[in-house]
Amino acid sequence: MSENTNTNTSFLNDAGNRALIFQAVLLAVVVFVGYYLFSNLQANLETRGISTGFSFLNEPAGFPVLIHLIEYTEADTYGRAFAVALINTFVISLLGIILATVIGVIMGLARLSNNWLVARLATVYIETLRNIPLLLQMFFWYFAVLAAMPHPRNSIVFGDFFINKRGIYSPNPQFQDGSGFVLAAFLLSIVGAFFIVRWAKARQKATGNWFPAYWASFGTIIGVTLLAFVVTGFPVEFDLPSKSRFNVTGGMVLVPEFVAVLIALSTYTGSFIAEIVRAGILSVNWGQTEASRSLGLPDGKTQRLIVLPQALRVIIPPLTSQYLNLAKNSSLGAAIAYPELVAVVMGTTLNQTGQAIETIGLCMLVYGSLSLSISLFMNWYNKRMSLVER
Amino acid sequence: MTDNNMALAQLEPGEEAIIEFSDVNKWYGDFHVLKNINFSIRKGERIVVCGPSGSGKSTMTRCINRLEEHQKGSILVDGIEMNDNLKNIEAIRKDVGMVFQHFNLFPHLTILENLTLAPIWVRKMPKKEAEEMAMHYLERVKIANQAGKYPGQLSGGQQQRVAIARGLCMKPRIMLFDEPTSALDPEMIKEVLDVMVQLADEGMTMVCVTHEMGFAKTVADRVVFMDAGEIVEANTPHEFFENPQHDRTQLFLSQILNH
Amino acid sequence: MTDNNMALAQLEPGEEAIIEFSDVNKWYGDFHVLKNINFSIRKGERIVVCGPSGSGKSTMTRCINRLEEHQKGSILVDGIEMNDNLKNIEAIRKDVGMVFQHFNLFPHLTILENLTLAPIWVRKMPKKEAEEMAMHYLERVKIANQAGKYPGQLSGGQQQRVAIARGLCMKPRIMLFDEPTSALDPEMIKEVLDVMVQLADEGMTMVCVTHEMGFAKTVADRVVFMDAGEIVEANTPHEFFENPQHDRTQLFLSQILNH
Amino acid sequence: MAIEFKPSPSLPPPSDSVGPVAWVRANFFSSPLNIALTLFSVYVLYLMIPPVLQWGFLDATWEGSSKAACTAGGACWAFIGAYFEQFMYGLYPETEYWRINLALILLIVLVGMFAIKAVNKLFLSIAIIVVYPIVAFILFSGGMFGLETVETSNWGGLFLTTLLGVVGIVASFPLGVLLALGRRSNMPIVKSVCVVFIETIRAVPLITILFMASVMIPLFLPEGLNFNKLLRVLIGITLFSAAYMAEVIRGGLQAIPKGQYEAADAMGLTYWQSMCLVILPQALKLVIPGIVNTFIGLFKDTTLVYIVGMFDLLGRIQAANHDANWLGTTIEGYAFAGFVYWIICFGMSRYSMAVERKLDTGHKRK
Amino acid sequence: ATLDDVKSKGFIQCGVSQGVPGFSNADEAGNWSGIDVDACRAAAAAVFGDAQAVKFTPLSAKERFTALQSGEIDMLSRNTTWTYTRDTALGLDFTAVNFYDGQGFMVRNDLGVTSAMELDGATVCTEQGTTTELNMADFFRKHGLSYVPVIVQKADEALAAYASGRCDVFTTDKSGLAAHRSKLADPSAHVILPETISKEPLGPVVRHGDNQWKDIVTWAMFVQVNAEEMGISSKNVAKIKAESKDPAIRRLLGAEGNMGESLGLGADWAYDIIAEVGNYGEVFENNVGPNTPVGLPRGINNLWTEGGVMYAPPVR
Ligand SMILES: Nc1ncnc2c1ncn2[C@@H]1O[C@H](COP(=O)(O)OP(=O)(O)OP(=O)(O)O)[C@@H](O)[C@H]1O
Ligand SMILES: Nc1ncnc2c1ncn2[C@@H]1O[C@H](COP(=O)(O)OP(=O)(O)OP(=O)(O)O)[C@@H](O)[C@H]1O
Ligand SMILES: [Mg+2]
Ligand SMILES: [Mg+2]
């Protein structure tokens, strides 16, 4: 009998068994809760006659979307509207990331500047923007700044450019016959530039003489393309914007919703990136700069060859999470009529079809994969950078 | 400073000076760190600088390649005046190699890349040539087999030898050492000092801040003792150790040799 | 291992063993770190374990209170078999005190709280009683006056003495020491060794990983030499130092004694 | 024989290397690039400061009852004055403001008591974490002790913002600790459940979670079982910040040396004893700055509840902007909101930096 | 079932708009009023005999259906258009129409636009998640006009965008246009164009699948229309109940039999509605009638007997 109780208690006392039991219980709880929620959901959908499934994606949407980079009309399907919104989200995230990085690097360096005034200005910028909610900043750029812009009739005009409450208008190039030739020349000159850079590198290796390859290739691209234009007799016509009854029509337009979201996202995230850049640069030991200087490297090369590569290793991980944040924050565009994923899918589509589960699920899936791909890319990049170290 | 040492700090007329401090003064904010330094170094001379901590040894050395600015007086290196002129500074830095206490190798570059960086970018040397030269110096400091590794993979002594080789790769006419062995373990100190002795034997002009008195006795042409921003005494090692003129020097030597 | 040492690793029949390793094997992943350890320790015996770095000394010691799991063979401590049974592990840990190389005091607790933590929470002792006991042990290691301070405010030697007192507070029947002096400056080593000698004199069972051969000679009943996960030799200190049986032991001793 | 060494006197530095002139030269005009930057900055300041001063102060109108009163051409701060109470308390009945104020004072007093030595910290913590929320809840919602009931839909303004932020952070804290411990567990199922939870939440925007909380939770519950929208949003916010909190705390746990775990084990402490007595106290202290930063982030993120139809500070301002009497005061409203958020967030970030500095030195030996 | 739920809670949770004067709007003290609000109050009066037993959840257009589906609210009364898809696929049931409306456009006077046909190239602001969004698209497509749609989350913000000049045109139901116009700084500077581009029957909505609750909400509305037809108002209802000999009226007011039983309500249910909320005519006049800031004519919302389309099935 005593043996019996002994094995009994020792079964429960065994560390491995305890872990097993605990995990089994946890798993059971998770499964049960999941099942409970799911069965409730099914029952609720059933009794209320809510349609389910993704067949709505093939039905005509019937609503317009302000910004669509692929062909889209009201007669297209919800699926296509979804694609339009997806592209809008991608575009704003990508542009935001680029712009935020540029702003962040400039502001981060400015805060480190030995010009007192510049450093202070950068500090004020950083500390102001990062401590104010992004949504508020979006509202500010959309509602407050928009209100201060002139009416289309009184547009601010720079040549063929117009700025007013309806957006920023610019000429829209329309390519005519012969522009294929120009395009080919352009592409060729890029290839040429590539070879110039390679040749310059090889020459520098061999003779040590430095050739300003980047400037040269830049010049080549511009020059060759211009030449091609001249030769073909400028096969481009511009669709110029012009004032019409209500609006400026024609041309290309950046609508205020887009501009406001882009400015807000990039300046806000830029203020965080600035701090990351600053911390990264400060993390590089001053001795590295001194050693580089005492080797005779000028300050520019010291920064480029010694400080930046080392700072990048420190910068990249937190930078990744800022990029992730920016991509997620692009969803706030919904609040100011930028037709991104949340606005189009969780807003209009959900409303017209009533299928909350499917639409919200779709959105979460997209953001999940967006986050995942950014972090995968950054991890890969990070690994490559840190491989260099050891 | 007595006239006696003064004579040793200044050169005889007609002698060729490669580094010349005249009335050099430097302040950090309000703190007067170098006071009226007058001192000349002959070509090929090996100078050891010693003195208590905070006496301005590093500062003086770093003025030679303008890692620090002085505010008064003039410093001539190889006939070039040290001033705000970027061209001058660049020219001088090409001629002066420096080795730091904490090595300051570039951790993201291999040993070979550490060595070829400046020859390629500053001297515009073809890569191949630079690498050959680098390997030559690495052999001289006896770590040619480590060329492909990264600094983090080497021991302190090896790293410091790489740092010396890196300095040499610019073919400088002057080498500055700022306490090159003080961050090293005892076994490694020897490795590094051996390399430095060898360099000295080749007739390189050297200015070396160190407390390795054995090294000073073996290789120095003159030993300079600093305190409170001044050169207190400058003399041949024999005179300096056997017959220090100043009570301050005596005190310092008694402390350092007992240790 | 020769029969001669083997005899010293095993006990005579009838002798009471407080720790018994039989055929103990342990792997880290694929790495075989303990190989067929057979070893018994008598009650009250003082064992010193030595051997080159990586030979498995720490691992073996940490198996005694199950900070590491072994995968084959059996370990009996005080008659209790070491296995997954939480009750057994708890019981053994109450009986075995351990002192680490890096002290591992809890920095957020005062010295007194460090000492009373386990008595209060594991032994369920009333707080007052625990504190009295703690003060008693602190007096024994001669730092009773520091009871209210935090570990960060003590020197290394003092911290290690606190760690010993903390181990003693559980009134263990066995104390394990894993290189208790190797992180200390020379002056502090003595403080700590003194306390350990005193403990040994009181007849506590001790297993001590150390390279302090002086300590081994003075207090050890047996010295165990390990290499590559095996016990190479186990013998009385006299035999061990004067007449090592194995050439590996001889080599090790020549290195360690010259140093 | 030996010559006595007298250090020469230190001289004052040349006038051109210290003092304001040298400072100005070094900071503003040390190189052509520097001069250009200086001029550029001055130009930026010239563009910004005078108009802002003019608008915000010199030409501002401070009192009035509608936009019509603001004739000076500058900011119409009268708008803020007119709506101030709504911005602070939302639609909470005016006669009941004292309840919110009282709760706030109570909280300040309680937290302030931490500074008093004689008070038992344990009881105080319990009072703050357990008793205070109950008292505050009764005060806020009423319906007991003769207090008039106030619907949660009338809670709003800065009051709601603060409530969301504070409850979110406090409630997410224990959950975050559990998740962090779970993520470091060596039990595969526990670990994967925690990892999946944390990473899923961190991958999606808060707005989707709020949306789920505000409209979808009831779909997953049996018919008839339903609870308050504020509560649902609070749950959403809590889950959201718990995932971030867990990562912060995990960082702290990782920073604790392995020896501490081993020492606790060797003493015979059980898992929970060693966590609660040894590891967590150290880990949490390390991550206070991280927790404050999470709080700042959450505090800013609470503005998103406006999108799901709750009227926090930003929501009230947005609503007030549509008042026909005050049309055209958008910038003033946003400036005020920005100012309030900025003061709070900036203050907290300075606080966290101060804590960081204190912890930095506190851990070292003197 | 919803009725049991509501009874046990003691109030009806009612989804309304976030502020459309005349339909549902909260004053500074948080008191709600409007036609839509009265629909909720009528239901509450029927269930509890207390028109105040309602709690309101202000919802934006895009939130409203989800809120109803999910059970967050018991009924939705938020100028919601009855359409085929909404009735069949969204898990909703429309009950009755409490306002017949049609979509229109509002523009600034100074644009000089007099007809919607002149809106080619205009920028149009509207609220997200409404039939408006779709009707507008249909209208411009049908007439081959180009336009720029700015679709804003909330009605107030859409209006603000219009007011700030982001758009030339603001579009929503005509009643809504009138209501929103009253919120602009200078209402007279804006004009509502004559075209009505859609049919917009507005009414309360409940969840699909709970017929009893649907009946209650439906008949609460019908009672009000019938009462107007019979000349019963909140002022005279007590007197009529006591004095009337008309069996139809006696049945309606519970003086005879118990018509409420089949709804699960008491005999006084209709009486309570009329006494506490009033008949349809009263509700209209109080909230949107010519004497209110919204100032809408009765128009087609008049009784069928008066030339309108308000027609309720008889209570018998
Ligand atoms: N950047 C600086 N700003 C202010 N004071 C400085 C700076 N660098 C050095 N000092 C001060 O100048 C004095 C001389 O410094 P220096 O480094 O030249 O001394 P040292 O003789 O090399 O001493 P050590 O042997 O410690 O290296 C010291 O008192 C030091 O504190
Ligand atoms: N957690 C671990 N995982 C994998 N290998 C380990 C682990 N801990 C120790 N080892 C390896 O096991 C071997 C024995 O380690 P152990 O710490 O027992 O050696 P030791 O004799 O105590 O050495 P030292 O004198 O350096 O402390 C070493 O080679 C070590 O690298
Ligand atoms: Mg120095
Ligand atoms: Mg060890």
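Per-structure values
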read-out: Average other protein chain Cβ within 10 Å of Cβ, residues D:307-315; value: 4
read-out: Sites residue A:357 and residue D:117 - FRET efficiency at Förster radius 41 Å, r taken between beta-carbons, to 0.05; value: 0.15
read-out: Around residue A:58: net Lys/Arg minus Asp/Glu count, Cβ-Cβ under 14 Å; value: -2
read-out: Label-point gap, in nm, between residue A:236 and residue D:105 - each point 7 angstrom along Cα→Cβ; value: 7.1
read-out: Among beta bridges that DSSP assigns inside the protein assembly as shown, antiparallel share in %, nearest 5; value: 60
read-out: Prolate/oblate/rounded call for the protein assembly as shown, Cα gyration tensor, a/c under 1.5 rounded; value: oblate
read-out: DSSP-defined antiparallel bridges as percent of all bridges, chain C, nearest 5; value: 55
read-out: Calculated Rg and Dmax of chain A using C-alpha coordinates, Å; value: 28.7, 105
read-out: Anisotropy class of segment C:122-241 from Cα gyration tensor, a/c 1.5 cut; value: prolate
read-out: Calculated label separations, residue C:187, copies of the chain, 7 Å along the beta-carbon direction, nm; value: 2.8
read-out: Sequence of C:150, D:92 once ranked by neighbouring C-beta atoms within 10 Å, starting from the fewest; value: C:150, D:92
read-out: Anchor residue B:124: lysines whose Cα lies under 30 Å away (excluding residues fewer than 8 positions away in-chain); value: A:201, A:205, A:301, B:43, B:87, B:94, B:142, B:149, B:171
read-out: Debye, to nearest 20: dipole size of segment D:238-366, +1 on Lys, Arg Cβ, -1 on Asp, Glu Cβ; value: 640
read-out: Cα-based equivalent ellipsoid of chain E: semi-axis lengths in Å, sorted from largest, via gyration tensor; value: 36, 21, 17
read-out: Partner chain coverage, peptide D:331-341 - average Cβ within 10 angstrom; value: 4
read-out: For segment D:259-331 versus segment A:128-162, the gap between their alpha-carbon centres in whole angstrom; value: 32
read-out: Chain D shape via C-alpha gyration tensor axes, a/c threshold 1.5; value: oblate
read-out: Rg(Cα)/(2.2 N^0.38 Å) for segment C:179-259, N = residue count; value: 1.12
read-out: DSSP bridge orientation in chain E - percent antiparallel, rounded to nearest 5; value: 55
read-out: Net charge over other residues, Cβ less than 12 angstrom from the Cβ of residue E:240 (K, R count +1; D, E count -1); value: +3
read-out: Calculated FRET efficiency for the pair residue D:23/residue A:226, C-beta based, R₀ 45 Å, to 0.05; value: 0.35
read-out: The protein assembly as shown - charge dipole about Cα centre, Lys and Arg +1 at Cβ, Asp and Glu -1, debye rounded to 20; value: 1200
read-out: Stretch gain in nm, segment residue E:185-residue E:52, where the contour uses 0.36 nm per residue and the Cα spacing is subtracted; value: 44.6 nm
read-out: Partner chain coverage, peptide D:273-279 - average Cβ within 10 angstrom; value: 3
read-out: Selected from C:148, C:44, C:157 as most flexible by GNM, with chain C as the system and alpha-carbon contacts under 10 Å; value: C:148
read-out: Most to least packed among D:299-305, C:203-209, A:97-103 [average Cβ atoms within 10 Å]; value: D:299-305, C:203-209, A:97-103
read-out: Computed P(r) (all Cα pairs; segment A:257-390; 10 Å bins; percent); value: 11, 28, 27, 17, 10, 5, 1
read-out: Pair residue A:282, residue A:252: separation of 7 Å Cα→Cβ label points (nm); value: 4.0
read-out: Simple Cβ-charge dipole of segment B:157-208, Lys/Arg +1 and Asp/Glu -1, about Cα centre, in debye nearest 20; value: 300
read-out: Position residue C:30, label points 7 Å along Cα→Cβ, spacing to each other copy in nm (shortest first, one decimal); value: 6.8
read-out: P(r), alpha carbons of chain B - 5 Å bins starting at zero, rounded %; value: 1, 6, 13, 17, 19, 16, 13, 9, 4, 2, 0, 0
read-out: Note, ³J(HN,Hα) from phi for segment B:91-106, Karplus 6.51, -1.76, 1.60, rounded to Hz, x at Gly and Pro; value: 4, 5, 5, 5, 8, 10, x, 9, 10, 9, 4, 9, 6, 6, 6, 8
read-out: Ordering of D:165-176, E:264-275 by packing [mean C-beta count within 10 Å, highest first]; value: E:264-275, D:165-176
read-out: Neighbour net charge for residue B:115 - beta-carbon separation under 15 angstrom, K R +1, D E -1; value: +4
read-out: Peptides ranked, highest mean first, by Cβ atoms within 10 Å: ranges E:97-108, C:102-113, A:27-38; value: E:97-108, C:102-113, A:27-38
read-out: Label point distance in nm, residue A:385-residue D:351, each placed 7 Å from Cα along Cα→Cβ; value: 3.3
read-out: Lysines whose Cα lies under 29 Å from that of residue E:199, excluding same-chain neighbours fewer than 8 positions away; value: E:62, E:142, E:154, E:174, E:183, E:214
read-out: Computed FRET value (nearest 0.05) for residue E:87 with residue E:235, which takes r as the C-beta separation and R₀ as 41 Å; value: 0.70
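Read the figures in this text as sums done on the coordinates, not as results from a lab. Predicted, not measured: the structure shown is a model, and the values here were computed from it. Reconstructed Cβ throughout: ideal geometry from the backbone, glycine too, with neighbour counts over all protein chains shown.
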